[in-house]
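Enquirer: Please see the structure below; I have some questions.
The values are calculated or read from the model by the stated rules, or taken from the named source; none is laboratory data. Predicted model only: the values in this text are computed from it and were never measured. Here the Cβ positions follow ideal geometry from the backbone for every residue, glycine too, while neighbour counts run over all protein chains shown.
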Amino acid sequence: MSIGGIPLKKKMKMKICMVGEGAVGKTSLIRRFVLDEFDDKYLQTLGTKVSKKEIVVDVKEKDVELQIDMTIWDIMGQKGFRELLKEAYFYGAKGVIAVCDMTRKDTLSELDDWIEGVYSVTGRVPIEFLANKVDLKDDVAIDENDLEQASRAYDSRFFYTSAKTGENVEDAFKELAEKISRTKLGELED
């Protein structure tokens, strides 16, 4: 897909949904990724918030450089709300970022319900697991084996992240964009 050895440039739009329980840091992760800012005041997301960011991804094996217009959907973490609006919220999603709070073990086990809710609308789409708040080392309640098991069940991997310090936030979003890009480019060739 190159012209004279020069990578082909293409544009792609993708909708990403953030899922996870309340107060795991979904909104803070988006803020860190989109604006490179952090605010430690907790403000519960009411309803849904949509953010956008343009990124460039190189898909080397396809010799393509993609300009990606990423739309990131942030939904409040309450289960009742998820069930009420899951069709509208998850429809058209090309990928999922599943977030747990390293200081609250139950937030990891709850991700199964969130992911199954997405899959019921989208089918299987690429997922990244983010174990957020890794900067709170003294309060960590989830071990690496639990994270590996959860992510492996969905043919994914996990990142230790911190919205506060920015650790691995950019990498996680970019890797998900690369996974989605490979999938979409593969579909175009079929």
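Enquirer: Looking only at the stretch 63-91, how many residues end up being under 16 Å from the mean Cα position of the chain (by Cα) and modelled with pLDDT of 85 or more?
Expert: Filtering the stretch 63-91 for residues under 16 Å from the mean Cα position of the chain (by Cα) gives 68-77, 89-91.
Narrowing further to those that are modelled with pLDDT of 85 or more: 68-74, 89-91.
Of the residues in that region, 10 qualify.
Enquirer: Same structure again: Determine if the stretch 111-120 includes at least one residue that is among the hydroxyl-bearing types (Ser, Thr, Tyr) and touching a Leu at 6+ places or on another chain (Cβ under 8 Å).
Expert: no
Enquirer: Further question on the same structure: Could you check the stretch 25-50 and list, in sequence order, the residues that are more than 23 Å from residue 91 (Cβ to Cβ) and at pLDDT 85 or above?
Expert: Hits for the stretch 25-50 are 25, 28, 31, 32, 35, 36, 37, 38, 39.
Enquirer: On to the next question. Would you pick out the residues in the stretch 143-156 that are in a loop (DSSP other than H, G, I, E, B) and in contact with a strand residue (DSSP E or B) (Cβ under 7 Å, 6 or more places away or on another chain)?
Expert: 154, 156
Enquirer: Can you tell which of 94, 60, 9, 53 is over 17 Å from residue 168 (Cβ atoms), at pLDDT 95 or above and either over 19 Å from the mean Cα position of the chain (by Cα) or surrounded by 13 or more Cβ atoms within 10 Å (Cβ to Cβ) (or both)?
Expert: It is 94.
Enquirer: Okay, moving on. Report, ordered by the first and then the second residue, all pairs with beta carbons closer than 6 Å, sequence separation of six or more or different chains, a first member in the stretch 130-159 that is among the charged types (D, E, K, R), and a second member that is surrounded by fewer than 15 Cβ atoms within 10 Å (Cβ to Cβ).
Expert: Pairs found: 135/165.
Enquirer: On to the next question. All but one of (1) on the phi > 0 side of the Ramachandran plot; (2) over 15 Å from the mean Cα position of the chain (by Cα); (3) modelled with pLDDT of 95 or more hold for residue 104; state the number of the condition that does not hold.
Expert: It is condition (1) that residue 104 fails.
Enquirer: Here is a further query. If I filter the stretch 128-142 for residues that are in a helix (DSSP H, G or I) and within 17 Å of the chain's Cα centre (by Cα), do I get at least one hit?
Expert: There is no residue in the stretch 128-142 that is in a helix (DSSP H, G or I) and within 17 Å of the chain's Cα centre (by Cα).
Enquirer: Mind checking which pairs have a first residue in the stretch 160-173 that is closer than 13 Å to residue 28 by Cβ and touching a residue at least 12 places away in the same chain (Cβ under 8 Å) and a second that is of a type in the set (A, V, I, L, M, F, W, C) and in a loop (DSSP other than H, G, I, E, B), Cβ under 7 Å, 6 or more apart or different chains?
Expert: From the stretch 160-173, the pairs are 161/134; 162/134; 163/38; 164/38; 167/134; 169/163.
Enquirer: Take the residues of the stretch 97-128 that are touching a Gly at 6+ places or on another chain (Cβ under 6 Å) and of a type in the set (Val, Ile, Thr): which is surrounded by the most Cβ atoms within 10 Å (Cβ to Cβ)?
Expert: 99
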